[in-house]
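Here is the structure we will look at, set down as structure tokens.
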Amino acid sequence: MDIKENISLKAYNTFGIDVCASKYAEVSSEEDLQHLLADGILKECPFVILGGGSNIVFVKDFDGIVVHPTNKGINIISENDNEAVVEAAAGETWSNLAWTMTRQGYYGLENLVEIPGCVGAAPIQNVGAYGREAKDVIKYVVAYEIATGTKKTFTNKECRFGYRNSIFKNELKDQYIVIAVGFALSKTMEVTTNYSALTSMLCDRNITSPTPLQIAECIADIRRQKLPDPKEIGSAGSFFKNPIVTHSQLEILKATYPNIVCYPSGEHYKLAAGWLIEQCGWKGRSLGKVGVYDKQALVLFNKGGCTGTEVVNIANAIVADVESKFGVQLEKEAIII
Ligand code: EPU
């Protein structure tokens, strides 16, 4: 397979950061991946698996091989009266999968339309939005072990999904390359509409029994109101995770900040990081060529020609301010390389 040298990654990361990779390989089929693994190059030099590049910030040129899955395909594997199992290739655009299945009337991916990135990356960080997470619909993940070239199918349970987390970010970090993902989608009405902006938009549109497509259209409109258009403004979506705190930590914070925005999350509580950042006065501000989006403070964006270091600098300044005001540690969701 073709391994290119000294390739600019500007078009391959949604922040639009202009760095170079010393080697670059596109994986356009499962056979390509088998050849790449048989070649052994991934055991010899540093590598990064780059999907849509929507959650990554390069701070310098990458002296190693960038592996970019581009294999395509969305296939219904099995179907009964209630459910369809759909397998999508890792290089398929996530939003294309979500819209395609939603338009065909399947329930499950409608809240997740317009999330930038590729199918193969979705299980790694368990992408989520508006009350749904990829883990709610992923049935299995097909991946190859880099060390042995062996193919393995992980069940949903084996993926150990958590909030923006999975086994592929922990015990199996950098050990597998995802080639396809299987989804179980419902054919009967199963919607999640409790996210307040979605509830009120459905109400405004007089929709009481929404089809998946009606939900997806609302979600796309909500995203347009809150998030920058990835085609126009470079960003990595939410730059930070929403921090999880215990009930007693929350009570202490509430004593000083009674309006703190939080949601129950299992036994704990999730704080709205966007609110914490806004309270520190960062919303709409910038440092160097990186801005904090004025409609959603969780999003850092490229004001034009920013470097990865500038992104990290503003992120660190925000982390320090949130820590000093609230005593809460923000964790970066984006991966810094
Ligand atoms: N808020 C503020 N100021 C802000 C932003 C948010 O006060 O600048 C408060 C508001 O009260 C708002 C609440 O925080 O109601 C929650 O904000 P939002 O609904 O926008 O969600 P989020 O928790 O900030 C998460 C995901 C997003 C996803 C939305 C919607 C994370 C890290 N981010 O953001 O995911 O679209 O929920 O479900 O969990 C992404 O991962 O790239 C991403 C965009």
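The table for this structure:
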| quantity | calculated |
| --- | --- |
| Neighbours by Cβ (under 8 Å, 6+ apart or cross-chain): first from the range 276-297, more than 16 Å from Gly237 (Cα to Cα); second more than 12 Å from the ligand (Cβ to nearest atom) and in a strand (DSSP E or B) | Arg285/Gly291; Lys289/Asn302 |
| Options Lys241, Lys303, Lys254; residue that is outside the structural domain of Tyr12 (by TED's automatic domain parsing) and within 12 Å of the ligand (Cβ to nearest atom) | Lys241 |
| Enumeration of residues in the range 58-93 that are part of a loop (DSSP other than H, G, I, E, B) and open to solvent by less than 70 Å² (accessible area, probe 1.4 Å) | Phe58, Val59, Thr70, Asn71, Gly73, Ala90, Gly91, Glu92 |
| Which listed residue is of a type in the set (Asp, Glu), modelled with pLDDT of 95 or more and open to solvent by 10 Å² or more (accessible area, probe 1.4 Å), from Asp2, Asp39, Asp32 | Asp32 |
| Restricting the range 122-138 to residues that are among the small types (Gly, Ala, Ser) and more than 9 Å from the ligand (Cβ to nearest atom), the residue that is surrounded by the fewest Cβ atoms within 10 Å (Cβ to Cβ) | Ala134 |
| Flag for Ile219 being closer than 26 Å to Cys45 by Cβ and not in a loop (DSSP other than H, G, I, E, B) | no |
| Leading residue by the ranking (farthest from Cys45 (Cα to Cα)) among those in the range 177-198 that are at pLDDT 95 or above and touching a Lys or Arg at 6+ places or on another chain (Cβ under 7 Å) | Ala184 |
| Among (1) open to solvent by 10 Å² or more (accessible area, probe 1.4 Å); (2) more than 10 Å from the ligand (Cβ to nearest atom); (3) modelled with pLDDT of 95 or more; (4) not hydroxyl-bearing (Ser, Thr, Tyr) - the single one Gln296 does not satisfy | (2) |
| Only listed residue being within 22 Å of Ala89 (Cα to Cα) and hydrophobic (A, V, I, L, M, F, W, C), chosen from Leu185, Leu198 | Leu185 |
| Any hit, the range 274-284, residues being in contact with a Gly (Cβ under 9 Å, 6 or more places away or on another chain), within 15 Å of the ligand (Cβ to nearest atom) and in a strand (DSSP E or B) | no |
| Hey, Lys270 closer than 26 Å to Ser95 by Cβ, open to solvent by 20 Å² or more (accessible area, probe 1.4 Å) and at pLDDT below 95 or not | no |
| Selection from the range 16-27 of residues that are in a loop (DSSP other than H, G, I, E, B) and buried (at least 17 other Cβ atoms within 10 Å of the Cβ) | Gly16, Ile17, Val19 |
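The values are calculated or read from the model by the stated rules, or taken from the named source; none is laboratory data. In this text, all values refer to a predicted model and were calculated from it rather than measured experimentally. Here Cβ is always computed from backbone atoms with ideal geometry, including for glycine, and neighbour counts include all displayed protein chains. Remember, those area values only see protein heavy atoms, side chains included, never the ligands or the DNA or RNA. Shrake-Rupley method; radii C 1.70, N 1.55, O 1.52, S 1.80 Å.
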